[in-house]
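*Asks:* Attaching a single structure in structure tokens format; questions to follow.
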Amino acid sequence: MRQILNDIEAGKVTEELRRRGVPPHQRLRVVVESIEAQEPSLTAVNAAGGAFDWLAEEPDLYNDADLVERFRP
């Protein structure tokens, strides 16, 4: 099945899919294109996506004492 959904608020996507009869466990390919003037930053997208959440569990290998030269603005 191929359908194009236009101009749907992010919080209402699940509701819209349900309304169109898409089963809850159906696998989908989704392309997101913001139609607002200001798109979210790449950093915000990455943070919301959770792809880097595993880094919180990683040990800190380096600290300020390891710096050879400290950057000063």
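*Asks:* Along the charge dipole of the chain, which of Ala44, Ile4, Ser34 sits closest to the positive end, that is, farthest toward it, with unit charges on the beta carbon of Lys, Arg, Asp and Glu (+1, +1, -1, -1)?
*Replies:* In the chain, that residue is Ile4.
*Asks:* Run the quick spin-label model on Leu42 and Arg27: label points 7 Å from Cα toward the beta carbon, then report their separation in nm to one decimal.
*Replies:* 2.8 nm
*Asks:* Picking from Glu36, Glu57, Glu16, which is most flexible by a Gaussian network model of the chain using Cα springs under 10 Å?
*Replies:* Residue with maximal mean-square fluctuation among Glu36, Glu57, Glu16: Glu57.
*Asks:* Fully extended, how many nm does the chain gain between Gln3 and Asn63 (0.36 nm per residue separation, minus their Cα-Cα distance)?
*Replies:* 16.5 nm
*Asks:* Return the sequence-ordered ³J(HN,Hα) values of segment 43-57 in whole Hz as given by the Karplus equation 6.51 cos²θ - 1.76 cosθ + 1.60 applied to θ = phi - 60°, using x for Gly and Pro.
*Replies:* 5, 5, 5, 4, 5, 6, x, x, 5, 10, 4, 5, 5, 5, 8
*Asks:* May I pose another question? With no solvent and one point per C-alpha, what does the Debye sum give as log10 I(q)/I(0) for the chain at q = 0.13, 0.15, 0.19, 0.22 Å⁻¹?
*Replies:* -0.66, -0.77, -1.02, -1.18
The numbers here are math on the coordinates, done by the rules we state, and not lab data. All of these numbers come straight from a predicted model, not from anything done at the bench. Every residue, glycine among them, receives a Cβ derived from its backbone with ideal geometry; neighbour counts consider all protein chains shown.
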